[in-house]
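Report on one structure; see the data block that follows.
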Amino acid sequence: MEKRSESIKRRRQEKLANIKFRKIDILILIMTLLGLFGYRHCMHVADHHQIVIEQQAKARAAKIARKKVAAAKKRAAKSVMRTPINWQESSEKVPYPNLNNVKNFWIKVALLKNRTYLMSGNKVIYTMYCSGGLFHKDPNTGKMVSDTPTGTYQIQPERGQSFFNSSLNEGANYWVSWKDNGVYLFHTVPTKKDGSYNVPEAEKLGKQPASHGCIRLSVPDAKWMMQNLKVGTKVVVQND
């Protein structure tokens, strides 16, 4: 009887142990499943977070691009320079300044930029397309220099409707002198012997140096300069 009782007791203990192990296995399985679910959930959250970050980055980039486009349009809207360059028209789409109302008026010529600026103190009040003298290498210094002399000069009394230089086989209209009393001038794009404009040369206006030393301007700009610049007006010519 005792042996049978012990056997029954042992089987009962084994059964309880098996049940315990099964519970542990089930618990481990549940924990594994929960862990796997949690991992997948975390990965899903991470993926979603990454997508949100990428979308936000794209939105910021698009916003910056829109701002740049808007700024470019605003600059274009504010710009009064006539484009494309037309040597038969004024450089700007607005009226020329009334010099009677301009204080500290002077003229700045930027040879490399192919621009002539009408200045009021340090402020540009009108910009003209121009072409100055051709550049060549100075044999003494090795530097590129223009056929247009640089420095500070002033408007001189000499001016006129037109001229023709037979030695250069070239002329121009609406000229006014700023150096050497009729040698260095502001004038229109060049004319031929018959008085017609040299179109291939005129097309260089505002794009590249092209003259023998004078400052070429569009026809209306040159006419305005001839008619409005007072003797003694300061002219600064620079290699910029």
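Scanning the stretch 202-218 for residues that are of a type in the set (A, V, I, L, M, F, W, C) and closer than 10 Å to A172 by Cβ gives C214, L217.
Looking across the stretch 85-128, the residues that are of a type in the set (S, T, N, Q) and at positive phi come down to N104, N114.
Note on the stretch 182-196: residues that are outside any loop (DSSP other than H, G, I, E, B) and either farther than 19 Å from M128 by Cα or of a type in the set (K, R) (or both) total 1.
Once the stretch 78-135 is narrowed to residues that are more than 23 Å from the chain's Cα centre (by Cα) and of a type in the set (D, E, K, R), the residue that is surrounded by the most Cβ atoms within 10 Å (Cβ to Cβ) is E89.
Could you tell me whether F186 is aromatic (F, W, Y), buried (at least 16 other Cβ atoms within 10 Å of the Cβ) and at negative phi? Yes; evaluated as a whole, the condition is true for this residue.
Considering only the stretch 108-181, give the strands (runs of 3 or more DSSP E) lying wholly within it that have at least 2 residues that are within 18 Å of P220 (Cα to Cα) and modelled with pLDDT of 95 or more. Step through it out loud before you land on a result.
On the way: elements: 115-120, 123-131, 135-137, 144-146, 151-154, 159-165, 170-179.
Filter on the stretch 108-181 gives 115-120, 123-131, 159-165, 170-179.
Summed over the stretch 209-239, the residues that are part of a helix (DSSP H, G or I) and among the small types (G, A, S) give a count of 1.
Looking at the stretch 63-82, is at least one residue under 30 Å from V199 (Cα atoms) and modelled with pLDDT of 95 or more? Scanning the stretch 63-82 turns up at least one residue that is under 30 Å from V199 (Cα atoms) and modelled with pLDDT of 95 or more. For the stretch 82-112, filtering for residues that are of a type outside the set (S, T, N, Q) and in contact with a Cys (Cβ under 9 Å, 6 or more places away or on another chain) leaves 3. Going by the conditions given, is Y117 aromatic (F, W, Y), within 21 Å of W224 (Cα to Cα) and touching a Lys or Arg at 6+ places or on another chain (Cβ under 9 Å)? Taking the combined requirement at face value, the residue satisfies it. Being touching a residue at least 12 places away in the same chain (Cβ under 8 Å) and closer than 23 Å to R82 by Cα is a description that applies to V219.
The values are calculated or read from the model by the stated rules, or taken from the named source; none is laboratory data. Quantities reported herein were computed from a predicted structural model and do not represent experimental measurements. Neighbour counts run over all protein chains shown; Cβ positions are idealised from the backbone, glycine included.
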